[in-house]
Amino acid sequence: MKPRKIPLRKCVACQEMKAKKELIRVVKTPNDELLIDLSGKKAGRGAYLCGKQSCFKLAKKSRALDRALKSPVSPDIYDALEQDFIKVEDEFIAGKETMVDDE
């Protein structure tokens, strides 16, 4: 049987190619709302970040999300996303560990 192809995505901050499940997706919904999408299935334009806080800070400094989402992101939205990012970081890491255990 042919092995399954693993979808790869690039982190908008550090430019590293990784498996899609190893990255956190930030999505701009059709209603111009910015959310963190751990499922990776929400409708809208997405940008991927490594699960590290340093990558988020780099994306904030270089305004990488503005370019990836093709719309300006205000500093207060970056701050709100940073708080959400801190909350989901532990959940994301736990989910990654369970994925490794399943394999």
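The values are calculated or read from the model by the stated rules, or taken from the named source; none is laboratory data. In this text the structure is predicted, and so the values were computed from the model without any measurement. So basically every Cβ, Gly included, is an ideal-geometry build from the backbone, and we count neighbours across all protein chains shown.
Just to be sure I understand, how many residues within the range 20-36 are more than 12 Å from the chain's Cα centre (by Cα) and modelled with pLDDT of 90 or more?
Total satisfying the criteria: 3.
Starting from residues that are buried (at least 18 other Cβ atoms within 10 Å of the Cβ) and touching a helix residue (DSSP H, G or I) at 6+ places or on another chain (Cβ under 6 Å), keep the ones in the range 37-64 and report whichever is modelled with the highest pLDDT.
In this case the residue turns out to be Ala47.
Within the range 1-17, how many residues turn out to be surrounded by 14 or more Cβ atoms within 10 Å (Cβ to Cβ), assigned to a strand (DSSP E or B) and not charged (D, E, K, R)?
Total meeting the criteria: 1.
Regarding the range 18-29, can at least one residue be identified that is touching a strand residue (DSSP E or B) at 6+ places or on another chain (Cβ under 6 Å) and in a helix (DSSP H, G or I)?
Looking for residues that are touching a strand residue (DSSP E or B) at 6+ places or on another chain (Cβ under 6 Å) and in a helix (DSSP H, G or I), one finds at least one in the range 18-29, hence yes.
Those residues that are in a helix (DSSP H, G or I), more than 12 Å from Ala13 (Cβ to Cβ), of a type in the set (A, V, I, L, M, F, W, C) and out of contact with any Gly (no Cβ under 7 Å at 6 or more places or on another chain), I need them from the range 49-95; list them, please.
Once the filter is applied, which keeps residues that are in a helix (DSSP H, G or I), more than 12 Å from Ala13 (Cβ to Cβ), of a type in the set (A, V, I, L, M, F, W, C) and out of contact with any Gly (no Cβ under 7 Å at 6 or more places or on another chain), the range 49-95 yields Leu69, Ile77, Ala80, Leu81, Ile86, Val88, Ala94.
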